[in-house]
Amino acid sequence: MDIQTSKQDGVTVVALSGNLDGNTVNEAQEKIMPLLSADTKSLVLDLKGCGYVSSAGLRLLLMAAKQLNSQGGILVLSGVCDEIKDVMEMTGFSNFFKSFPDISAAVAAVRKGGA
């Protein structure tokens, strides 16, 4: 798994490439959770390069979203492939996340407060 962190218009973007599963979730958690400091109000998780998310990966997404929510922030997703969308819909996880087609749309929505 490759995890790249950047800022776009003042919003932290984390791009995941590879599978987010039991073999990679600890690495992803070690990189994502420290980004969720008390002054972090939004995070875009770009899944364009991610082809698979296991139940362990879904738990990490939910844990990060809950952490941000408790701080008055929000986690949004971008570039989610159809396979991951289907899994999220079947498991009810799609109710917890707003998803956007690309990073630019996600960042714009977060900046406008419409996410």
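Here, each number is a calculation from the coordinates, and none is a lab measurement. Keep in mind it's a predicted model, so treat the numbers as computed, not measured. FYI the Cβ positions are ideal-geometry reconstructions off the backbone, even for glycines, and counts take in every protein chain you see.
Just G79, G22, G57 to compare: in a GNM of the chain, with alpha carbon springs under 10 Å, which one fluctuates most?
It is G22.
Less than 22 Å apart at the alpha-carbon level, and either on another chain or at least 8 residues along: which lysines does that give for K31?
Answer for K31, where 22 Å is the Cα cut-off: K7, K41, K48, K66, K98, listed by chain and number.
Under the 0.36 nm per residue contour assumption, what length would be gained going from the current alpha-carbon distance of N26 and A38 to full extension?
Result for the pair: 2.2 nm of gain on full extension.
Taking 0.36 nm per residue of separation and subtracting the Cα-Cα distance, what length does fully extending K85 through D2 add?
27.8 nm
At q = 0.16, 0.17, 0.20, 0.21 Å⁻¹, what log₁₀ I(q)/I(0) does a Debye calculation on the Cα points of the chain give, no solvent, two decimals?
After summing over all Cα pairs, the log10 values are -0.65, -0.74, -1.08, -1.21.
Residue farthest toward the positive end of the dipole of the chain, with Cβ of Lys/Arg at +1 and Asp/Glu at -1: which of S17, G92, A56?
Of the listed residues, the answer is G92.
Given a cut-off of under 8 Å on Cα pairs at least six residues apart, what relative contact order in percent is computed for the chain?
Averaging sequence separation for qualifying contacts and normalising by length gives 25 percent for the chain.
With springs only between Cα atoms under 10 Å, which of N69, N23, N95 fluctuates most in a Gaussian network model of the chain?
Of N69, N23, N95, the most mobile in the Gaussian network model is N95.
Treating only the Cβ of Lys, Arg, Asp and Glu as charged (+1, +1, -1, -1), what charge dipole size does the chain show about its Cα centre? Round to the nearest 20 debye.
That gives a dipole near 460 debye.
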